[in-house]
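Take a look at the structure below.
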């Protein structure tokens, strides 16, 4: 099959969805597709290989330039851990991962659970509510302020600004510069305050632990640490907020699965993976070829961008032909948190706070259904629920 036979997917189309029939048909024909931004990877095996292949580097560093973005977000994104490679990237990962040790994150479970309980208790007298505005966004905001050791009264502002940064990650992001650049500036103000507190020895939460880890390896550049704090806030809020919303959508579509989770909360961890597999908030992970190469019969010139489509690769019938949304099934790993050297730093936090929220939800809600028409962000780049009017049946 030559390049002319490779299917084409228009990632820039307003109605494009990474979970569409067009993507499934392209995957049936080939392991990849051509797009306006390079290649899209559609098969699980190829995705795993590319994400770990040293002939590729992290590719989303170029996203601001491809979208002609300017200002504080673009500058931050291009210099942050998301975009860099080599020794500096390795050092920053060591700092963040030391700070986010398993014992530290697991120690936050009681607080994550308390937050979810409070939010759901506040909804008990309301049959109908907006699951995004009334639960996922405030939960994600308070989870991140818990991680940072900040008071709850800062959660709403931080959550709103972190959510605004997500507008920079979709096709058509240029139109939102007036929203996400000021939000980025405000999050750097938060980072500065946290870093000052940590350097004064008055912080035992994430940033204080991060400062200690940075000092231990002699990697204390202030801009690097400010960027690490902001990327942690952005990723932490955006992922939790969106994936909990998508969880409710999937469970509404598959009510028997909700009952299965209520009957066996030990399935919570698998349920989270199944939600990300079927409806990822980060719809693709990006790499860029650092040399001319041939991969699976396709010539990929140096500088070519390659997008691993998370849903397509996670539901590849060559890996698991059973399909369907089933929280009892153990599946091959998905790439919703990326892979290789750029595997998401905050995945443990995201999996932990989402698990705490789901465990509270199954104790309180027998079922739920739509109370109105939901609104969704475009299903490409970083996607999320915008509004989710829900009616719940309480336990």
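The residues in region 123-171 that are more than 23 Å from the chain's Cα centre (by Cα) and either assigned to a helix (DSSP H, G or I) or without any contact (Cβ under 8 Å) to a residue 24 or more places away in the chain (or both) can be counted, and the count is 4. For region 11-36, the candidate set comprises residues that are within 16 Å of residue 383 (Cβ to Cβ) and in contact with a helix residue (DSSP H, G or I) (Cβ under 9 Å, 6 or more places away or on another chain); within that set, the residue that is surrounded by the fewest Cβ atoms within 10 Å (Cβ to Cβ) is 17. Scanning region 306-324 for residues that are crowded, with 18+ Cβ neighbours inside 10 Å and assigned to a loop (DSSP other than H, G, I, E, B), we see that the one that is nearest to the chain's Cα centre (by Cα) is 315.
Annotation: residue 229 fulfils all but one of (1) in a helix (DSSP H, G or I); (2) touching a residue at least 12 places away in the same chain (Cβ under 8 Å); (3) surrounded by fewer than 17 Cβ atoms within 10 Å (Cβ to Cβ); the unmet one is (3).
The residues on offer are 95, 84, 120, and the sole one that is over 18 Å from the mean Cα position of the chain (by Cα), part of a loop (DSSP other than H, G, I, E, B) and crowded, with 19+ Cβ neighbours inside 10 Å is 84. So which residues in region 156-175 are surrounded by fewer than 23 Cβ atoms within 10 Å (Cβ to Cβ) and over 15 Å from residue 383 (Cα atoms)? Listed by number, the residues that qualify are 156, 157, 160, 174, 175. Exactly one residue out of 100, 69, 108 is under 19 Å from the mean Cα position of the chain (by Cα) and in contact (Cβ under 8 Å) with a residue 60 or more places away in the chain: that is 100. Of the residues that sit in region 333-366 and are touching a helix residue (DSSP H, G or I) at 6+ places or on another chain (Cβ under 6 Å) and not in a helix (DSSP H, G or I), which one is farthest from residue 393 (Cα to Cα)? That would be 339. The combined condition, being within 27 Å of residue 103 (Cα to Cα) and assigned to a helix (DSSP H, G or I), is fulfilled by residue 209.
Can you confirm whether residue 251 is outside any loop (DSSP other than H, G, I, E, B), buried (at least 21 other Cβ atoms within 10 Å of the Cβ), in contact with a helix residue (DSSP H, G or I) (Cβ under 7 Å, 6 or more places away or on another chain) and modelled with pLDDT of 95 or more? Yes: the conditions hold for residue 251.
The values are calculated or read from the model by the stated rules, or taken from the named source; none is laboratory data. None of these values were measured; they are calculated from a predicted model. Glycine gets a Cβ as well: all are built from the backbone with ideal geometry, and neighbour counts include every protein chain shown.
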